[in-house]
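Since the structure comes first, as structure tokens, the remarks are kept for the end.
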């Protein structure tokens, strides 16, 4: 990995906008800025209004910032130039940077340099990617907790306890004269059980972490003309799906997203399911409805006013998927004196707020403390799972110090790989290649 060359890239979107931010990192950053601005002196961390030159002609007026190493994001000299977002200006400035010795940054290379220079660990680097990708309040909070080092702190605490135990075990393995007292089995088990419990608690948060990061996949299922599309539109607050009194209007699945209490809900409107389809298109639509139910985290089963054998058979099919199901009775405005549990009206809005709360409650997120550390990365989850397996084996071999020490080392390797110690270069390339260019 080359750390001594200078990289350049725009940290802002390539889409049209008023301004664009050019970022440089590396030993030539300040010299490139001095040449572009035809100005020798820049005070670190002080914004300076400058002319940016293209040969002898003024190309743009820009705002320049210089961060002197090591007090910067990457730990290297960094320059940030805020330009007008003209495609021509951006192209010419970047070309001139390359002429002056910089090269194009790879995706995530600025953050990779921050990690390699010890400005953050790997878990915090993942937090950077997650905060950029966050679509809702809960995902943003989880990413901020990781970026601020809360996950790293928890992992470091576990790692310290295990390393202390390993050191005590290894010194006894080297004590060939038998001068040291044996470690009490109760003490060993206490340390291992504490670490195991902490790892297990972290790993268990991944089930909620997936919902926080990726959203809750919610399939709206029911017989034809039960009001599925009307429910989608009512939850969204605008007409996204076509609604008609004619049954079988929806022939394909239709997705839309909303935010509920800070969580992202991915709603899928589906074709009504009945025994006899009118044509091949409706058959295909019903097959896609079943597929949406299988892929969903939760099913909203929309019931009509009167229960029918067709509806009951469909409900039993949904139960067989093993998914969590919320039953709602639509068209509550037509119930008159009849009172039903979970009654809603897409026309009047009755029961919709209660339904939203029920979705969050059913999926298990209602009591989630957004200040707690949760695992949202599958990579982190697998590392914790591997460490947990090794600690189980260490507990089984607590009477055989050499075998226990081996499992302790493997558990520590899993944890250290999670926060970035001893992480292979090819793994780093995979992680940081998912970042955008300029970050």
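Measuring from centroid to centroid over Cα atoms, what is the spacing of region 1-74 and region 76-126 in Å? Rounded to whole Å, the Cα centres lie 9 Å apart. For the peptides 37-44, 4-11, 180-187, residues were scored by their other Cβ atoms within 10 Å and the scores averaged per peptide; the highest-first order is 4-11, 37-44, 180-187.
Once both labels are positioned 7 Å from their Cα atoms along Cα-to-Cβ, the gap between residue 256 and residue 161 label points is 4.8 nm.
Kirkwood radius, region 42-118, all distinct C-alpha pairs, inverse of mean reciprocal distance: 13.7 Å. Fewest-first ordering of 33, 173, 147 by other beta carbons within 10 Å of each residue's beta carbon gives 173, 147, 33. Projected over all directions and averaged, the alpha-carbon convex hull of region 1-63 occupies 5.5 nm².
Across region 126-225, C-alpha contacts under 8 Å between residues 6 or more apart give a mean separation that, scaled by the residue count, equals a relative contact order of 29 percent. Ranked by the mean number of other Cβ atoms within 10 Å of their residues, highest first, the peptides 105-112, 316-323, 192-199 come out as 105-112, 192-199, 316-323. Which stretch or stretches of region 396-414 have amide N atoms under 18 Å from the point lying 7 Å from residue 168's Cα along the Cα→Cβ direction? Output list for this probe position: 396-409, 412. Annotation: peptides 75-84, 153-162, ranked by per-residue average of other Cβ atoms within 10 Å with the highest first, follow the order 75-84, 153-162. Between residue 148 and residue 3, the C-beta separation translates, for a Förster distance of 25 Å, into a calculated FRET efficiency of about 0.50.
For the pair residue 313 and residue 356, label points projected 7 Å from Cα toward Cβ lie 3.7 nm apart.
Values in this text are rule-based calculations from the coordinates and carry no lab data. As the structure is a computational prediction, the values presented were derived from the model and not from experiment. We place every Cβ from the backbone using ideal geometry, glycine too, and count neighbours over all the protein chains shown.
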